[in-house]
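One structure is given here, and the rest of the page talks about it.
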Amino acid sequence: MPWLEIRNLQIHFGRAAKALRAVDGVSLSLEPGKALCLVGESGSGKSVTALSIARLLTSPPAVYAGGEILLEGRDVLHMRAAELRQIRGGLVSYVFQEPGASLNPVFRIGNQIKEALQLHRPEVATDAEVIRLLRLVGIPAPEARLKSYPHELSGGMQQRVMIAMALAPQPKLLVADEPTTALDVTIQAQIIELLVQLRQQLGMAILLITHNLGIVGDIADDVAVMYAGQIVERGPAQELLQRPLHPYTQALMNSVPRLDSETERLSTISGSVPRLGAFPSGCRFHPRCSIARSDCSQAAPPLVEMEPRRWVRCPYWTSPA
Amino acid sequence: MSEALLEVKSLKVQFPVEAGPLTRSKDFVRAVDDVSFSIEPGETVGLVGESGCGKTTLGRAVIRLVEPTAGQVIFEGQDLARLKGAALRAQRRKFQMIFQDPYASLNPRARVENIIGEALDIHHLAPNSTARRQRVESLLKDVGLDPSHAHRYPHEFSGGQRQRIGIARALAVEPKLIVCDEPVSALDVSVQAQIVNLLRDLQQEHGIAYLFVAHDLAVVRHISRRILVMYLGRIVETGEARAVCQSPRHPYTQALISAVPVVDPNSKRQRIILAGDVPSPIHPPAGCPFHPRCPVAEARCKTEVPALRETAPGRRVACHLAK
Amino acid sequence: MLTRLLTRFWWSAVTLLGTAFLTFLLVNAVPGDVARVIAGSKASAEVLQEIHLKYHLDDPVLQRLGFYLIQLAHGDLGHSYVTDQSVAEAILIRFPTTAALTSLAVVMWVALAVPLGVLTARFRSSWFDRTTLVVATVSLSLPAFWLARILQYCLAYKLGWFPVGFFRSFVDLLLPAATLAILMVGYYARLVHTNMVEVLDSLYVRAARAKGASETRVLFKHALRNALIPVVTMLGMDVASLLGGVLFIENVFALPGIGNLAVQSVLNLDVPMIMGTVLFSATLVVGANWVVDLLYGWIDPRIKSAS
């Protein structure tokens, strides 16, 4: 059995007939020490999926309407509050998109990291350990930084502090939810590089959530692409990036701006992501799909293993030219 | 070479570091330090750099949202830095701005038709309400939005659609120059591409010039004819967009380029990962401001400030070591 | 830091001087003759004339203001026209009562409002939240005078749990303080609630939960301190204005506080006493501003470094 297994996860917002199905039948698995990237646009359900692993969605309005999230064989969705607190931070740690807003503005960063230690490794809740962690994530002069407040640090440094805080309890999985989106490209490269190093050093698994396929290649073993609450393609990172099979993955890849391209126009995906609760019938991507056929609006295609380890939710998939 | 629409000469913007009301501040943030460039009509100039490099301040100083400390901003032959009152307001119509955060820059309590219509009202561009409505609808159509959504509020639109509303508002007064301040940084890559393409189309149709400010070179490259690379308030490299991206001469530009995310898993390019952050512009490093982070810095870089010199036709680099 | 302090000091002085100026002019614009109050309605013209001369009542207003300010600069608040008591002494004698009443009330309403605000924010839209909202709205729309009278009638007069209107010891302040607390608790419970709701939606609260912090820890350690930042400002202002005299409560319960002193001096047209109580209360407000500022720096580190 995999270390983390999500089976047919259903997450709704609101109840009964008016429920909006934000995540609709997502299944994923992750082995210890592996890195999985969950890719998709805003509103695809990728962050909702990530937050549900430690049951962090505010409920209500979120409703865990079905499926299982098995962590080391235990179902997170049926855990008691006390057990859940052990999981949060202890087994699964989070790094979020906006480090500035995710650090508590009124506490010194040293104390915020120490709190994570007190909660999960009280025997080492010391300044020395906090300094070690700050050094681990590449913060210069960590001794001097213990007493800093979050607003005194740059965005990149704040994100390093968030990572140090997430690593403090020695989790087995680090969930990074768009950790670089709010940062400059140079700092983005620093943070991704840091995550790659830390994974090698500490052997934890990483679940990276991003909308940019461009940062996937540097870190991922596997990739899952989400669209409108469903996974549309899943496979090993190298293969998927070299030969994306689903028309959505192909389109998403082409929209990443390239420095070396000679074409002036960027390729785009026409239209916009459907609103939650207004997903099209049949294949949810069909109104924006370049290869859609008439029956795509009728039958909802299943996610099928088209080639070994390559799962695609499209019966008409083609290899890219 | 045709007549420049905008010519910026030795522009400086300094902010005093906060001090008491009875004491004068001795320290200044040199946000923009001796910057010169020009934009021709209908041309796009890209301005790239990290947070805190002064690119946003420069963009704002160009259209007098920030008061320049010294230098000239010549727009159609008039020095904007010296214009006042009515004369400045008359010029304001000719340059507009699009902001990074489409959520924050639209009044949440105003309907889209009024957000766009207000610009028309201020400059008396719509003689009556019918003309106003028609103009708003055609603007919405121009930016790829459904004209029947004119009565909706900003929160009813997605991030990309809100940025389109911001663009429509800027277009309403038929400007000659739009300063785009990180217009796509907050958007998904797929939406970024749509907005960049839209800006290109509008430029071809209306002949608008853009100053396109961003931190991602790959985006800037796609829309700009020329690129300015900025570091700590100074231009460190400038040239044709393609040339700058294909053969960057300044070590900073090289680092920026290597930081751009790439999809191709086979590209085994050498990543130059810059250490640390941009230093404080209050006490910039002596010599070349980039030397503390520069992978190839030599002894003289610590003492001598490199001049922005021409290394090839149309190409200027501020680095002692650049050839 | 020093320049900042000096600037604050300078502005405080300007505020107080402005208050003195305005109050003096307004008091003198009120029709009526203090001499009649002092000497009684049957006093002869000569006696009135004598009083006018003694207190320089016929001098031009600005001249009298000048004299008053010079006197004030020497630290002298003057003497009451009516009782000849030193104004400073009169205020100092009555201040402990008002201060005790206010502090007791503050403790009561804060002790009630903070947990109420936090819990209603945590259990938003529950029956508990809704009920509290109704009760709070009622509490803040109650007329002070009426509530004081009702409580006095029911609890003190009918049930005899409290003295009706004497002031002998601290215990006698319980009912007046509770009345005041009831009037304030609704507003503060809502203020804490609103700020908590906002803070509970913040990303750092989500991050605290993601760390494995317990709900109690999230509420009272991570969220509350942030939510209290705006509450402290309100509290500082309210406490200051209450210390300057709790008019209705002091009046109904016949407490010898500053409020009663102020009311009496206005009825008497006792200019030195009016000026004294007004300036005292203005000084408290200015002082409270300083305290709030200092507290701010302690609660919210972002403010300290911004200065």
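The values are calculated or read from the model by the stated rules, or taken from the named source; none is laboratory data. Since the structure is predicted, the reported quantities are computational estimates derived from the model, not experimental observations. We place every Cβ from the backbone using ideal geometry, glycine too, and count neighbours over all the protein chains shown. Accessible surface is based on the protein model in full, side chains and every heavy atom, while ligands, DNA and RNA are left aside. Shrake-Rupley method; radii C 1.70, N 1.55, O 1.52, S 1.80 Å.
I'm a student and want to see the number: the projected area of the Cα convex hull of the protein assembly as shown, averaged over all directions, in nm².
With every direction weighted equally, the projected area is 50.4 nm².
Please give, to one decimal in nm, the separation of the simple spin-label points placed at C:LEU16 and A:SER27, each 7 Å out from Cα toward the Cβ.
Rounded to a tenth, the inter-label distance reads 7.8 nm.
From the phi of every residue in the stretch C:267-275, what ³J(HN,Hα) in whole Hz does the Karplus formula 6.51 cos²θ - 1.76 cosθ + 1.60 yield, where θ is phi - 60° and glycine or proline is x?
Per-residue couplings from phi come out as 4, 7, 6, 7, 3, x, 6, 4, 4 Hz.
Taking every pair of alpha-carbon atoms in chain C, give the share separated by more than 35 Å as a whole percent.
Cα-Cα pairs in chain C separated by more than 35 Å: 36 percent.
For helix A:155-167, report the angle its Cα long axis makes with the longest principal axis of the Cα atoms of chain A; keep it between 0 and 90° and round to the nearest 10°.
It is inclined by approximately 80 degrees.
How much solvent-accessible surface does A:GLU72 expose, in Å² to the nearest 10, with a 1.4 Å probe and all protein chains in place?
80
Whole Å is fine, so just give me how far the alpha carbon centre of the stretch B:215-292 lies from that of the stretch A:136-182.
25
Taking 7 Å along the Cα-to-C-beta vector as the label spot, tell me the A:THR318-A:GLU83 distance in nanometres, rounded to one decimal.
Distance between label points: 5.0 nm.
How would B:ASP79, B:ASP34 rank on accessible area, largest to smallest, probe 1.4 Å?
Reading off the accessible areas and sorting them downward yields B:ASP34, B:ASP79.
With 21 Å as the limit, write out which pairs from B:LYS12/B:LYS323; B:LYS9/B:LYS55; B:LYS302/B:LYS323; A:LYS172/C:LYS211; A:LYS46/A:LYS114 have Cα-Cα distances beyond it, or answer none.
B:LYS12/B:LYS323; A:LYS46/A:LYS114
I need the calculated FRET efficiency for the pair B:ARG133 and B:GLN78, taking r as the beta carbon distance and R₀ as 45 Å, to the nearest 0.05.
The computed FRET efficiency comes out at 0.85.
Can you tell me, using C-alpha contacts under 8 Å and at least 6 residues apart, the relative contact order of chain C as a whole percent?
25
Which of B:ARG152, B:ARG30, B:ARG64 moves most in a GNM of chain B, Cα contacts under 10 Å?
Ranking B:ARG152, B:ARG30, B:ARG64 by mean-square fluctuation puts B:ARG152 first.
Using Cα atoms only, what is the angle between the long axis of helix C:2-29 and the major principal axis of chain C, expressed in degrees (0 to 90) to the nearest 10?
The angle comes out at about 50 degrees.
Set Lys and Arg Cβ to +1 and Asp and Glu Cβ to -1, take the dipole of chain A about its Cα centre, and tell me which of A:HIS120, A:LEU9, A:GLY217 lies farthest positive.
Final value for the positive-end residue is A:LEU9.
Please give every one of the lysines within straight-line cross-link reach of B:LYS84, meaning a C-alpha to C-alpha distance under 18 Å, and leave out same-chain neighbours fewer than 8 residues apart.
Candidates past the 8-residue exclusion: B:LYS94.
Under a 5 Å amide H to amide H cut-off, with H placed in plane at 1.01 Å, what residues pair with B:ILE178 once short-range neighbours are removed?
B:GLN96, B:ALA209, B:TYR210, B:LEU211
As I understand it, the dipole of chain B uses +1 on the Cβ of Lys and Arg and -1 on the Cβ of Asp and Glu, about the Cα centre. Which of B:LEU106, B:ALA31, B:ALA86 lies farthest toward its positive end?
Positive-most Cα among the choices belongs to B:ALA31.
What fraction of the DSSP beta bridges in the protein assembly as shown is antiparallel, stated in percent and rounded to the nearest 5?
Antiparallel bridges: around 60 percent, rounded to the nearest 5.
Could you pull the Rg and Dmax for chain A, using just the Cα atoms, both in Å?
Just the Cα atoms of chain A yield Rg and Dmax of 20.3, 65 Å.
Tell me the carbon and sulfur percent of the accessible area for the stretch B:211-260, rounded to whole percent, probe radius 1.4 Å.
38
More than 18 Å apart: what percent of Cα pairs in the stretch B:1-139 qualify?
Tail of the P(r) past 18 Å holds 67 percent of the pairs.
Debye sum, Cα scatterers, the stretch B:133-181, no solvent: what log₁₀ I/I(0) at q = 0.24 1/Å?
Debye output, listed in q order: -0.90.
With no solvent and one equal point scatterer per Cα, compute the Debye intensity ratio I(q)/I(0) for chain B at 0.07, 0.11, 0.15 Å⁻¹ and report its log10, rounded to two decimals.
The calculated log intensity ratios at q = 0.07, 0.11, 0.15 Å⁻¹ are -0.31, -0.74, -1.27.
Any chance you could check the Cα centroid distance between the stretch A:232-260 and the stretch B:57-87 for me, in angstrom?
For the stretch A:232-260 versus the stretch B:57-87, the Cα centre distance is 45 Å.
Starting from the Cα of C:LEU294, step 7 Å along the direction of its Cβ; do the same at B:HIS283; then give the gap between the two resulting points in nm.
3.1
Springs between alpha-carbon atoms under 10 Å, Gaussian network over chain C: tell me which of C:ARG225, C:ARG190, C:ARG209 tops the mean-square fluctuations.
Per the Cα network of chain C with a 10 Å cutoff, C:ARG209 tops the list.
When chain C is treated as a GNM, springs tying every alpha-carbon pair under 10 Å, which of C:LEU224, C:LEU72, C:LEU191 comes out with the largest mean-square fluctuation?
C:LEU72
Which longest uninterrupted range of chain C lacks any chymotrypsin sites (Phe, Trp or Tyr not before Pro) assigned by DSSP to a loop state (not H, G, I, E or B) and surrounded by at most 14 other Cβ atoms within 10 Å?
After excluding every exposed loop site, the longest remaining stretch is C:167-307.
Measuring from centroid to centroid over Cα atoms, what is the spacing of the stretch C:1-62 and the stretch C:211-248 in Å?
Going from one Cα centre to the other spans 38 Å.
Quick one: dipole size for the stretch C:2-73, taken about the Cα centre, charges +1 on Lys/Arg Cβ and -1 on Asp/Glu Cβ, in debye to the nearest 20.
Its charge dipole is roughly 400 debye.
Give the long-range amide H neighbours of A:VAL223: residues separated by 5 or more places, or on another chain, with amide H under 5 Å away, using H modelled in the peptide plane at 1.01 Å from N.
A:CYS37, A:GLY235, A:ALA237
Over the Cα atoms of the stretch C:2-73, each weighted equally, I'd like the Debye log10 I(q)/I(0) at q = 0.12, 0.22 Å⁻¹, rounded to two decimals.
-0.47, -1.01
Using only Cα atoms, tell me the angle between helix C:174-200 and the longest principal axis of chain C; keep it within 0 to 90° and round to the nearest 10.
40
For chain B, what is the accessible area per residue in Å² when the probe is 1.4 Å?
Averaged over the residues of chain B, the accessible area is 44 Å².
Quick one: which residues, 5 or more positions from A:ILE269 or on another chain, have an amide H under 5 Å from its amide H? H modelled 1.01 Å from N in the peptide plane, none for Pro or chain starts.
none
Return the ratio Rg/(2.2 N^0.38 Å) for the stretch B:65-206, where Rg is computed over Cα atoms only.
Normalised Rg, Cα atoms only: 1.08.
Just to be sure I follow: if Rg is taken over the C-alpha atoms of the stretch C:71-115 and Rh is the Kirkwood radius over the same atoms, what is Rg/Rh?
1.28
Averaging over all projection directions, find the projected area of the Cα convex hull of the stretch A:251-312 and quote it in nm² with one decimal place.
Its Cα hull, projected and averaged over all orientations, spans 6.2 nm².
Whole-Hz ³J(HN,Hα) for each residue in the stretch A:282-288, computed from phi via Karplus 6.51 cos²θ - 1.76 cosθ + 1.60 with θ = phi - 60°, x for glycine and proline: what do you get?
These are the phi-based 3J(HN,Hα) values: x, 5, 5, 8, 4, x, 10 Hz.
Could you tell me which of rounded, prolate or oblate describes the stretch C:180-294, using a ≥ b ≥ c as the square roots of the eigenvalues of the alpha-carbon gyration tensor, with rounded for a/c under 1.5 and, failing that, prolate when a/b is larger than b/c and oblate otherwise?
prolate
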